[in-house]
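Step one of this worksheet: look at the structure below.
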Amino acid sequence: MQSLVLQTATRLMVGLMLVFAVYVLLRGHHEPGGGFAAALLAGTAFALFAITEGPDQVRRAIRIRPLTMAMTGLALALAAGLPGPAAGAPFLTGIWWQAGPIAIGTPLIFDLGVFLAVLGSILSMLLCLEEN
Amino acid sequence: MRPELSQTGKAPDCCRAGLFSSLLPLGLFVLLCLAWPRVVQGDIFAVHWDWVPSLDLALAFRLDGLGLLFGLIITMTGFFVTLYASTYMAGYPQLGRFFVYLHGFMLAMLGIVLSDNLLLLFVFWEATTILSFLLIGFDHDQAGARENARQALLVTGGGGLFLLMGILLLKSAGFPMAISLLATSGDLVRAHALYPAIFLCILVGVMTKSGQVPFHFWLPNAMSAPTPISAFLHAATMVKAGIFLLLRLHPAMAGTPLWTGTLVLIGGITALWGAIQALGPCDLKRVLAYTTLMALGVLTLFAGGQTVLSLTAAATFLMVHALYKAALFLAVGSIDHQTGTRDLNRLGGLVKCMPLTALAVTGATLSMAGFPLFFGFIGKEIMYEGALAQEMFPVFATFATLVANALMTAVAAVILITPFAGPLRGKLSLVCEVPWTMRLGPAVMGILGVVFGIIPEWVSAHLIEPAVFAIHPDREEIRLVFFHGINLPLLLSILTLSLGGLIYGFRSFLRQGLLTVLDRLWFTFPGLYQSGLKGFLTTAGRFTGIVQNGSLHTYLTVIILVMIAAVGSVWLPHLPGMAKNVSFSGPWIAAGLFGFILIATAMVVTARHRILAIGGLGGVGAGVALVFLVFGAPDIALTQLLVETLTLVFVSLILLRLPPLEKANPPSRSRTLRNAGLSLGAGLITATLLTGVVQIPLDRSLTAFFEANSVAAAHGRNIVNVILVDFRSFDTLGEIAVVVLAAWAGVNLIRRRKER
């Protein structure tokens, strides 16, 4: 879409929204947010980008195919379930490691998987529709 | 189809991957050989891992005499076939895939014969069905191959469902799934009220898999698979899975008149029908396919018996058949590979150009015909002994065996004499012998047919006896010997050979008669299958045409009507009692939000431009999200707001492509009224339902659990997210899998539309 105002605003907004998406993803365990919300936020950012600059620019920016991203997310979520059985617990049991003051665990990896799966799915449909 | 290898010389001579991967079956064969001496002594190798204990499903494997006999056949044939295919298939596209299917099939087959759990056996059973489908349809650019693959899948897969039903009936009757345990409670199984149902279900599975009449027709059609596959799956191994199951369940289920009578009759009919039809075709592979049907019938007949003799006959003929049939299939493949045809009318005199193949075929066919000194002779003698001693229908069993064997002798003569003897025809003089990889299998199996025929005592002590006594309670010595003295079986053997010679002499006359009769048949089982399939597809097509008529408006109307009717009929009678206690209280800002939502809704309904309608929809969504926020659910509010935003983008991408609203004809008045009624009905039902829901006291025990454990067990203060990614993460995994699949399907739908 040819609109100077929108284009200028988009350049500012997309970066901010993506950074905010990462923030929402990470804070999700304690405050409102999480992988799904973050993926929607990032999806909206890319949608804005696609509307102003065209879907090709988005494809160039994310480098990998959206469906590959979605599959990677699914694989990551599955992989997050494996440390459980390795430690003798059922599949997908949360395993936590204490790294100094913060606890890092498999649910974080799982949430990252959710993020990528949902974002990849949104982008694949969105870009396809835009190109249509 | 296959590239012309011998002429062009450009295609690679040999597929290295195939050659290399033949080490897998060879290694497994060697492993089985290492275990062999101990199995002969009566030792049993067993391993057990739990899989789903609550379903009585375990990864339980058990190597006994019967499993060993089948395992040796599977791995040996697997080795020769892989070696053979590495040359035969050279130049085919997608060879990697081919060898993966082939070895996958072999492992699944080993799984069947080594399973000690019926459910596990079923898993492997289905795996062989699917891999067989993939292998029959390997030339998937040919419509015929696809059709035949589908037929095999539908017939054997449908039978597999019956088998599963039988197994589950057995389980529901309280019997263990472990086969070794089941074998000890055979009397209870046979006395159970469900026994006939269990038997019939399992029988259908066996009959489809092992090509018994009336489910036999898929097997000759499966010959559209590449020849190594036909040799491996549809001659030596997979079709024997049904026979194996019968033998494996022998201790648990055999011995009733139902078992013996049914199997003897079905087996006899299949043997006769297969043997008679083997005279018909000119395609060598189809001839072999019908003789396989005959063998499967005979095996079923003897698996029906309860005596040691009957089981010995089954086990011996199993070996005889596996050796000669695999050898013949591979040899026919060699002929096809070198000459480009399998048509009996176009072949002749090949002994001059392919002497070694001719030698192997001679060994195999003489064994097939049952000449003395060959293993087939031993097999035929014991078959007659077993048939004469059959508990039920011994006369029919003997008659069926005799006629089928005589026909086999004649067919063996056809297979040996027609392609190899006589003058060379046409361009056949240019044909040369196949390389060693394709000769080794037929040669070794042909030689084994002679060696086993000379030392039958060794075979009976080391292979037959352990196999039979794995499934039969009385242990007595089984001795296969070369010469029994002059007795009825020997006389029958002589009668077989002379009858066979007679049939061979009159073969063209018999063939004409057979083809005429086959043509005049007004009812055939393949025909029934075809018309059944066609009727099914037509019905499904009509039904889909009604239900999925392509109008979004109709879909939505149906969905909303069903919702109103289903919810309303249950809910409305309770409404008067609930309506009294409703109280509307909340912050004043909520009232303002509701006003906003109402205005936005009005905007959607009255919009004359699509962009306005879309904007109104966004307003409704944003209003609802704010309501969530006001009532203290920030997580839901955030998600709702984001979903609404994205939905808006998607909806505008799609709706704005449609013709402008203002140019479209305004809907008729009646339609507008109908839509309004539907909307109001759905809204009223939902609203009253929600007011009802909030009056039911909330069960807070789950909430209390999550409040107590969220930080302690899952290191998170946001309970909603902790539930999503930790406590109920398996649900989430399923959900994201659905999301990804939906996106994948959606993308393909959009792309397809674009291509059109």
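Taken together, the values in this text are just the output of simple stated rules run on the coordinates, not laboratory data. Keep in mind that this is a model prediction, so the values were computed, not measured. Ideal geometry is used to build each Cβ from the backbone, glycine not excepted, and the neighbour counts take in all protein chains shown.
Label zone of residue B:537 (point 7 Å out along Cα→Cβ, amide N under 14 Å): in the range B:131-156 this covers B:143-152, B:154. Net length available on complete extension from residue B:55 to residue B:596 is 189.3 nm, with 0.36 nm assigned per residue and the Cα-Cα distance removed. Estimated purely from DSSP H runs of n ≥ 4, each contributing -39500 (n - 2.57), the mean residue ellipticity at 222 nm for chain B is -23500 deg cm²/dmol once divided by its residues. Dividing the radius of gyration of the alpha carbons in the range B:362-505 by their Kirkwood radius gives 1.05 for Rg/Rh. Between B:85, B:282, B:159, the Cα set farthest toward the positive side of the dipole of chain B (charges on each charged residue's Cβ, about the Cα centre) is that of B:282.
Cα extents for the range B:424-490 along the principal axes, largest to smallest and rounded to whole angstrom: 59, 31, 18. To the nearest µm²/s, what D does Stokes-Einstein give for the range B:33-100 at 20 °C and 1.002 mPa s, using the Kirkwood radius over alpha carbon pairs as Rh? In µm²/s, the coefficient rounds to 143. Taken over the alpha carbons of the range B:67-193 as equal point scatterers, the Debye sum produces base-10 log I(q)/I(0) values at 0.10, 0.20 Å⁻¹ of -0.42, -1.17.
When the charge dipole of the protein assembly as shown is built from unit charges on Cβ atoms (+1 for Lys and Arg, -1 for Asp and Glu) and taken about the Cα centre, the candidate among A:71, B:384, B:322 whose Cα reaches farthest toward its positive end is A:71. Across the range B:480-578, the convex hull enclosing all Cα atoms gives 340 Å³ per residue.
One Cα centroid belongs to the range B:37-108, the other to the range B:705-756; the line between them spans 39 Å. For the pair residue B:432 and residue B:23, a Förster radius of 25 Å applied to the C-beta separation gives a FRET efficiency near 0.30, rounded to the nearest 0.05. So for the pair residue A:97, residue B:43, with labels modelled 7 Å out along Cα→Cβ, what separation do we get in nm? Calculated label separation equals 4.5 nm. Only the Cβ atoms of Lys and Arg (+1) and of Asp and Glu (-1) were treated as charged; on that basis the dipole of the range B:333-385 about its Cα centre amounts to roughly 220 debye.
Just flag the chymotrypsin sites (Phe, Trp or Tyr not before Pro) in the range B:508-576 sitting in loop per DSSP whose Cβ has no more than 16 other Cβ atoms within 10 Å. Taking the range B:508-576 and a limit of 16 other Cβ atoms within 10 Å, the loop chymotrypsin sites (Phe, Trp or Tyr not before Pro) found are B:522, B:523. Here the simple spin-label model places points 7 Å from the Cα toward Cβ, and for residue B:146 and residue B:508 these points are separated by 4.1 nm.
Seen against the Cα atoms of chain B and their longest principal axis, helix B:610-630 is set at about 80 degrees. Charge tally around residue B:653: other residues with Cβ under 14 Å, Lys/Arg +1 each, Asp/Glu -1 each, net +2. Of the residues B:65, B:204, B:372, the one whose Cα sits farthest towards the positive end of the charge dipole of chain B is B:204 (charges of +1 on Lys and Arg Cβ, -1 on Asp and Glu Cβ, taken about the Cα centre).
Kirkwood's formula applied to the C-alpha pairs of chain A gives a hydrodynamic radius of 15.9 angstrom. Think of each Lys and Arg Cβ as +1 and each Asp and Glu Cβ as -1; about the Cα centre, that makes the dipole of chain A roughly 180 debye. Note on residue B:187 and residue A:5: with the Förster distance fixed at 60 Å, the Cβ-Cβ geometry gives a FRET efficiency of about 0.10. For the range B:530-661, the share of alpha carbon pairs falling in successive 5 Å distance bins from zero is 2, 9, 10, 11, 14, 16, 14, 9, 6, 4, 3, 2, 1, 0, 0 percent. Above 17 angstrom, tally the Cα pairs of the range B:276-357 and express them as a % of all pairs, no decimals. Value for the range B:276-357: 55 percent of Cα pairs lie more than 17 Å apart.
Given a cut-off of 23 Å, name the pairs among B:240/B:380; B:285/B:534; B:325/B:380; B:171/B:240; B:325/B:427 whose C-alpha atoms lie farther apart than that in the structure shown. Those over the limit are B:285/B:534; B:171/B:240; B:325/B:427.
Working from Cα positions, state the angle (0 to 90°, nearest 10) between the long axis of helix B:195-209 and the longest principal axis of chain B. Rounded to the nearest ten degrees, it is 80.
In the neighborhood of residue B:733, defined by Cβ-to-Cβ distances under 15 Å, what is the net charge if each Lys or Arg adds +1 and each Asp or Glu adds -1? Cβ neighbours under 15 Å give a net charge of -3. Taking Rh as the Kirkwood radius, which is the inverse of the mean 1/r over Cα pairs, what is the Rg/Rh value for the range B:449-519? That ratio is 1.20, to two decimals.
When B:730, B:175, B:594, B:375 are arranged by Cβ crowding within 10 Å, least crowded first, meaning fewest neighbours, the order is B:730, B:594, B:175, B:375. DSSP loop chymotrypsin sites (Phe, Trp or Tyr not before Pro) in the range B:441-498 with at most 10 other Cβ atoms within 10 Å of their Cβ, which ones? Of the chymotrypsin sites (Phe, Trp or Tyr not before Pro), the ones in loops of the range B:441-498 whose Cβ has at most 10 other Cβ atoms within 10 Å are B:483. Peptide A:66-78 shows a mean partner chain C-beta count of 3 within 10 Å per residue C-beta. Screening chain A for whole DSSP H helices of 20 Å or more along their axis (Cα) with average Kyte-Doolittle hydropathy at least -0.5 returns A:4-27, A:35-53, A:66-80, A:106-131. Global dimensions of the protein assembly as shown from alpha-carbon coordinates: Rg and Dmax equal 35.2, 110 Å. Length, then width, then depth: along the principal axes, the Cα atoms of the range A:1-71 run 41, 28, 13 Å. Around the Cα centre of chain B, unit charges on the Cβ atoms of Lys, Arg, Asp and Glu (plus for the first two, minus for the last two) sum to a dipole of about 2700 debye.
Label separation (residue B:633 vs residue B:571): 1.5 nm, computed from points 7 Å beyond Cα along the C-beta direction. Computed from the Cβ-Cβ distance with R0 of 51 Å, the FRET efficiency linking residue B:556 to residue B:341 stands at 0.25. Computed over chain B, the percent of Cα pairs more than 34 Å apart is 59. Length gained on full extension, residue B:705 to residue B:606: 30.8 nm, using 0.36 nm per residue less the C-alpha separation. For the range B:650-746, the Kirkwood estimate of the hydrodynamic radius, built from every pair of different alpha carbons, is 18.8 Å.
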